[in-house]
Amino acid sequence: MRFVTHYRTGIRLALPLAVAVLAFGISYGVLAREAGMGSLAPFVMSTTTFAGSAQFAVASVLSTGGGLAAACVAAILLNVRYAPIGMSVADTLSESTPKRLLEAQLVVDESWALSNRGGGRFDRRILIGAGAVLYLAWVGGTGLGIVGGNLVGDPDKLGMDAAFPALFLALLVGQIRSRTAAVAAALGGAIALVATPFAKPGIPLIAACLACLVGWRRR
């Protein structure tokens, strides 16, 4: 109760988002199990990784017959953004190393955005409170998806296989804020489209990331 009282603002702000995160977590649990990841691996990955887009990428690559290396590279490329995100909130986290590591686990796109006060300032209570709610929703949703996977049946028949492209499309739309970003997105899609018929599963996704070099400039 003390945690809830101390971080109630972040908890309150994150509750609407937690509903969607829970649903995505359930989808991930079902799809990861169908991809051959078993029951334990998806749950452990959600607990330790807590990165929806990267986890969906891993399950997507494995479900189409891709190798573990391709799946890991795709996940790492999608999570590179957390390096600058982590540096931006470094001063907001606890000075105690063990506590700092635990708090860093709660820093995700949504909690970062909710706690951002502009000018490089972040609200610690919102960051931790929101992150905790989203973490519980994601891990809990994954567990429900794994346990209830047999009840759900074939996810393809329910259209849950569309969760992969829908998730990445939603992430993409939020990032297209300029003409350069639109060109990079179109180029990435074109690279993946051309490479898919010839390359092994997972390779087109990695190759498409080359499109992020569009617009890169030396200072």
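The values are calculated or read from the model by the stated rules, or taken from the named source; none is laboratory data. Not measured: the values here are computed from a predicted model. Quick reminder, even Gly has a Cβ in these numbers, built from the backbone with ideal geometry, and neighbours come from all protein chains shown. Just so you know, the surface numbers come from the protein's heavy atoms only, side chains and all, with ligands and any DNA or RNA stripped out. Shrake-Rupley method; radii C 1.70, N 1.55, O 1.52, S 1.80 Å.
A few comments on the model shown:
- Looking only at segment 21-62, and only at residues there that are over 14 Å from Gly145 (Cα atoms) and hydrophobic (A, V, I, L, M, F, W, C), the one that is most open to solvent (accessible area, probe 1.4 Å): Leu62
- Selected residue [closer than 30 Å to Leu62 by Cα and out of contact with any strand residue (DSSP E or B) (no Cβ under 8 Å at 6 or more places or on another chain)] from Arg81, Arg117, Arg124: Arg81
- Residue under evaluation Asp154, criteria (1) more than 15 Å from the chain's Cα centre (by Cα); (2) at pLDDT 70 or above; (3) assigned to a loop (DSSP other than H, G, I, E, B), criterion not met: (2)
- All positions within segment 107-119 that are free of Cβ contacts under 8 Å to residues at least 40 places away in the same chain and crowded, with 16+ Cβ neighbours inside 10 Å: Val107, Asp109, Trp112, Asn116
- Residue match in segment 81-97 (condition: touching a residue at least 60 places away in the same chain (Cβ under 8 Å) and either open to solvent by less than 40 Å² (accessible area, probe 1.4 Å) or more than 29 Å from Ile206 (Cβ to Cβ) (or both)): no
- For the criterion of being modelled with pLDDT of 90 or more and open to solvent by less than 70 Å² (accessible area, probe 1.4 Å), Phe122 passes.
- Qualifying position, being at pLDDT 70 or above, small (Gly, Ala, Ser) and surrounded by 14 or more Cβ atoms within 10 Å (Cβ to Cβ), among Gly148, Gly129: Gly129
- Of the criteria (1) closer than 21 Å to Ala14 by Cβ; (2) crowded, with 19+ Cβ neighbours inside 10 Å, which one Ala71 fails: (1)
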